[in-house]
Each structure stands twice: as C-alpha cells, then as structure tokens.
Amino acid sequence: MTTRVIFRGAVLGLLVLALAVCVTAQLSGSYTIDPAGSGSRNYTTFAAASAALAAGVSGPVVFSVASTTFKEAVVIPAVTGTSTTNTVTFIATGPTAMIDATGNQDGLTVNGPNKYLIFDNLMVQNASRYALNVNGNTSSTKIEWLQFLSCVFDAPASSSSSVYAARLYYPYDCIFRNTKFLGGGRCLYTQQSNRCLFDTCEMDGKKLASQVISLWNSNDSDNCYINCFMHDAGPTGTVLHVNYSQYGIMFWNNTIIANSSSNAVLLGSCCAWSRCNSFRNNIVIQHGTGPAITYGMCGSLEYNDLDYNCYYAPNATNGTVQTEGGLFTGTPAAWLVMLTF
C-alpha cells in the first residue's frame, strides 16, 4: 500500500512538471497557421498562435499563414524575447491571407510593448472600428521596429472620425512598405508616431473620409512618407491633414488627388507644422473648389522646406495655393523655396 502511494505521488509530480513545461515553452523556429493543418507545429487559428506567443520566444519565429480566410479578430499580445535576430514573422507565402473580423470592433490589434514583429502579405477587413490597431498606449509601452509589408487594411467607407483603416498609437521606427490603407473617416491616423517610414503605400479615403491622412504627433517626430498615392477624401474632406506641432516630417515624391471643397493638403493651422519639415517633389491635384494646398502661418514656423512641388487646382475658388495670415507672417527666414507649376 505504501509503495503504491509513493508511486502515484511521483507520477502526479511528473505530470504537473510536464504540464508546466508545456504551458510555458517559448517558441522558436517555423510554424504554420492553417485551419486544415495538423501536428504540434500547426495552429488552426491566429488566436491559438497568439496564445502560444504569450509565453515569449527564444529564437526567430516564422508563421507561414495559409492563403485562406480566417474569420476572427486577431490580437497579438506583448511578446517577450524578441530582438533584431529573434523576429516574429506572419507571412502568407502564396496568395494573400485574409483576416475577416466579421464585424468585431478591430481586425488586427498589436498591443504594446512589442518589438520586431513582421506582417507580410495579409489583408484585414470587416472590422467595425479599426482594421489595424497598433496599440502602444504610452511611451513606456510603445510599439517598436514593426514591419508591415504588402498588406491591406480595409475599413468601411465612412465619414466618421472614429472609424480608421489604421490607428497607429505610439509606433516608433516602424516600416510600412507597399501597404494599402482603405476607407474610414480617418484612413490613416497616427498619434505620437516617431521615425516611421511609409514607402510606396496607398491611402484611399473611398470618397467619404474627412481626413485621408490624419497626423497628430508632437515635437521631433521625423516620420517619412515617400512614393505614396494619397487620394479620395470626402466632398468636404482633406487628403493630407497635418495639424499639430510636428518636427522633421518628410513628404517626398507623393501623388495627392482630391475632389473636395476643402484643402487637398493642409500643412498646419494653429500651432502646427512647426520646424524643419520637408514637402518636396510632390504632385497635388485638386479637382474640386478647394485649394491644392493651404500653408498655415499660425504659431512658430522655422526652416520648413516646400520645394519643387506641382500644384494644380483649376476650379479653386480662392487660388491654387493659400497661406493663412499672409506669406511672410510668422518667421520670414523659415521660408525656403516654393515652386508652383
């Protein structure tokens, strides 16, 4: 009898130990996310893969995502152990994988703090609020070094200021390349964004957005928008809306098209578009009655650079290019060269 009790206790202890190891195991290596897949290295849903990531990673992790439709809202938790070498990648290696939020509030949420996550060849649609929610919350829980490559974030066509294709809150040093942001009253909304790159992206307001790109950063943000196509605000909307104290933003080689009674581009208003920003080599076309660009002159303006742009607004009521308060109100030395072709 005594021996049997000891034996059962030992077995129970081993089972508890094995369960603990299984639950807390960190991920490393290659996995699949496939509803039709099987095996210990396959997850049938993003939710299952995200739950496993909650334990952290001990090496680089790649999730090969099946080219199918996942009917779920995806939430990526804070992942420990990531680094420049220990990245976590979600990639559809065939046709684009679809995340269908089925009317849930947000489609893909990345919670902070998080670093070194890569999302490649994914499409998110049918969320009621944000297709993409990069949810850093504060500077201490910011999102850093994420990459979004060849992704599509598709929000409903809307004029609502609470519906976004993407809400980026405290993203630092993130890259968005060949990615589309479609729909929402604010198609692309960023707040407290620093040193992020948007390269060869499309922002489409679906002809209803009040602001296709809505930037609310502060101070030394140093974000860069290059080779992007920004278009189709609503009938009274603005395509590019920069209206807060932001330093060092670069808008280079973009095409901006509007058909509205408002500005195609608003660079500052009160206390905005402040120091060392650059708006170069852009094409701005306004088919409506609003101006191609309005440059706000309120607040402190120093060393802004508006060079070699082409503005076209044949139907503008008050001119193709407008300034608030007069061309040389504020700091005259702030003006470099602005060419209108």
Quiz item: Name the residues in the range 34-71 that are under 16 Å from THR87 (Cβ atoms) and either of a type in the set (D, E, K, R) or open to solvent by 60 Å² or more (accessible area, probe 1.4 Å) (or both), would you?
Solution: SER58, PRO60
Practice problem: Being of a type outside the set (Phe, Trp, Tyr), open to solvent by 30 Å² or more (accessible area, probe 1.4 Å) and in a loop (DSSP other than H, G, I, E, B) is the filter; apply it to the range 132-155 and report the residue that is nearest to SER83 (Cα to Cα). | Solution: LYS142
Quiz prompt | Residue selected from the range 298-341 under the condition under 16 Å from GLY268 (Cα atoms), among the charged types (D, E, K, R) and in a strand (DSSP E or B), by the criterion modelled with the lowest pLDDT | solution = GLU302
Quiz item: Which strands (runs of 3 or more DSSP E) does the range 156-265 wholly contain that include 3 or more residues that are under 20 Å from ASP106 (Cβ atoms) and either open to solvent by 20 Å² or more (accessible area, probe 1.4 Å) or modelled with pLDDT of 95 or more (or both)?
Solution: 164-169, 180-182, 186-191, 202-216
Quiz prompt | Residues that are within 27 Å of ALA155 (Cα to Cα) and assigned to a loop (DSSP other than H, G, I, E, B), drawn from the range 31-88 | solution = ASP34, PRO35, THR44, THR45, ALA66, SER67, THR68, GLU72, ALA73, PRO77, ALA78, VAL79
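Take the residues in the range 93-114 that are in a loop (DSSP other than H, G, I, E, B) and within 16 Å of LYS71 (Cα to Cα), then tell me which one is most open to solvent (accessible area, probe 1.4 Å). Reasoning before the result, please.
Applying the first criterion (in a loop (DSSP other than H, G, I, E, B)) to the range 93-114 yields 93-96, 101-105, 112-113.
Imposing the further condition that a residue be within 16 Å of LYS71 (Cα to Cα) reduces the set to 96, 101-105.
Values: THR96: 68, ALA101: 0, THR102: 77, GLY103: 50, ASN104: 73, GLN105: 100 Å².
Filtering the range 93-114 for residues that are in a loop (DSSP other than H, G, I, E, B) and within 16 Å of LYS71 (Cα to Cα), the one most open to solvent (accessible area, probe 1.4 Å) comes out as GLN105.
Go through the range 146-201 and give me each residue that's at positive phi and of a type in the set (Gly, Ala, Ser).
Restricting attention to the range 146-201, the residues satisfying the condition of being at positive phi are 150, 170, 173, 178, 183-184, 192, 195, 200.
Passing the criteria: SER150, GLY183, GLY184.
The values are calculated or read from the model by the stated rules, or taken from the named source; none is laboratory data. What you see is a predicted model; the values in this text were computed from it and never measured. FYI the Cβ positions are ideal-geometry reconstructions off the backbone, even for glycines, and counts take in every protein chain you see. In case anyone asks, the SASA skips ligands and DNA or RNA and just uses the protein heavy atoms, side chains included. Shrake-Rupley method; radii C 1.70, N 1.55, O 1.52, S 1.80 Å.
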